[in-house]
1. Once ligands and nucleic acids are excluded and a 1.4 Å probe is used, how much of B:Val173 is accessible, expressed in Å² to the nearest 10?
2. From other protein chains only, count the Cβ atoms within 10 Å of every residue's Cβ in B:79-89, then give the mean.
3. At a probe radius of 1.4 Å, figure out the B/A buried accessible area, summed over both chains, and give it in Å² to the nearest 100.
4. With the other protein chains left in place, how much accessible area per residue, in square angstrom, belongs to chain A at a 1.4 angstrom probe?
5. To the nearest 0.05, how large is the calculated FRET efficiency for A:Leu5 and B:Ile58 if R₀ is 35 Å and r is the Cβ-Cβ distance?
6. Which distance in nm do the two modelled labels at B:Ala79 and B:Leu50 give, with both placed 7 Å along the Cα-to-Cβ direction?
7. Could you pull out which residues in segment B:133-150 have an amide N less than 19 Å from a spot 7 Å beyond the Cα of B:Glu116, following the Cα-Cβ vector?
8. At B:Leu20 and B:Leu179, where each label point lies 7 Å from the Cα along Cα→Cβ, what is the point-to-point distance in nanometres?
Amino acid sequence: MHLLLAFILAAFLGLELISRVPSQLHTPLMSGTNAISGITLVGAVLAAGTGTGGLSPWLGVAAVAAASLNVVGGYLVTERMLRMFQPTQKAVHKND
Amino acid sequence: MTELGFGLQGESLRSFAYLLATVAFVLGIKWQGRPETARRGNLLSALGMLLALLATLIGAGLQLGWILLGLLLGGALGAWLALRVEMTRMPEMVALFNGSGGLASLLVASAEFLREARPTPMLSVLAMLGVLIGGLTFSGSLVAWGKLSERLPSRSLALPGQQVLNLLLLGLVLLGLILGLILPAGPALLLVLGGFCCSHCCWAWAWYCRLGEEICLW
């Protein structure tokens, strides 16, 4: 039941957090939240590290690789996008 | 988590680290909503992820060798792709990363499901949902990537009899779910899971080919 509670609270939280965001930040925000979804990495590490033999740990290792691709790539791509929004730069980049 | 050999103290330390990571994610998203604080927000969110990862890795009982290899391979590939991609090619790269996250969810759900000799109905349902949602994310993101990079035509792609096909694939997905719940453990479950993955990936493919344009617009 606490999983369901967390799920519902997270849904409301997400709605509150991303409302009223200026449109030029939508793309980096999308990319940044996508990187957070790579938190599957934690589950992947646990699945890979709990040695019971069989297929499970190997699926876990593959999941670790896929999730770290998501995490590292996601944060770096977001950083590169956000570098275009330096507050010192007065020029507005219309990239979306 | 007791089977992983965590003491009570280590367990609560880890929970606390997860709590801090959650706060970092929430604040990070909040900061990313304003141009002045957006970069700081992304950094905070990344630090939260690092904390969550370290807290998990440091827990005793994990065999670290293969995990570190996976981290290194995935991380290096991600960094390489993210740093060399042209600015105009960013959206399709995000689609690709999103897809790899979906693939990870699918694999984690499969691993958890196959680990148990007799999965509880709760675990079965959660695993199936994980496979379904992860697979949809994976195949859908691949189509979005294909369309954004112009490897696929950006118009709506539909097969003849698409709706019948969709219904058929949805039926297969539901069948897989039911079979996964009632069949005993063992190789049969692997088969069911495999069939389940294949069928719903086709379904996702067919579905997203129709919805591709909307997906591209995020």
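1. 10 Å²
2. The mean count of partner-chain Cβ atoms within 10 Å per residue comes to 4.
3. 5200 Å²
4. Spelled out: the 1.4 Å probe surface of chain A, per residue, equals 51 Å².
5. 0.80
6. Distance between the two pseudo-spin positions: 1.2 nm.
7. Label zone hits: B:133-134.
8. 4.7 nm
The values are calculated or read from the model by the stated rules, or taken from the named source; none is laboratory data. These numbers come from a predicted model, not from an experiment. Cβ sites come from the backbone with ideal geometry, for glycine too, and all protein chains shown count toward neighbours. Surface accessibility is based on the protein's heavy atoms, side chains included, excluding ligands, DNA and RNA. Shrake-Rupley method; radii C 1.70, N 1.55, O 1.52, S 1.80 Å.
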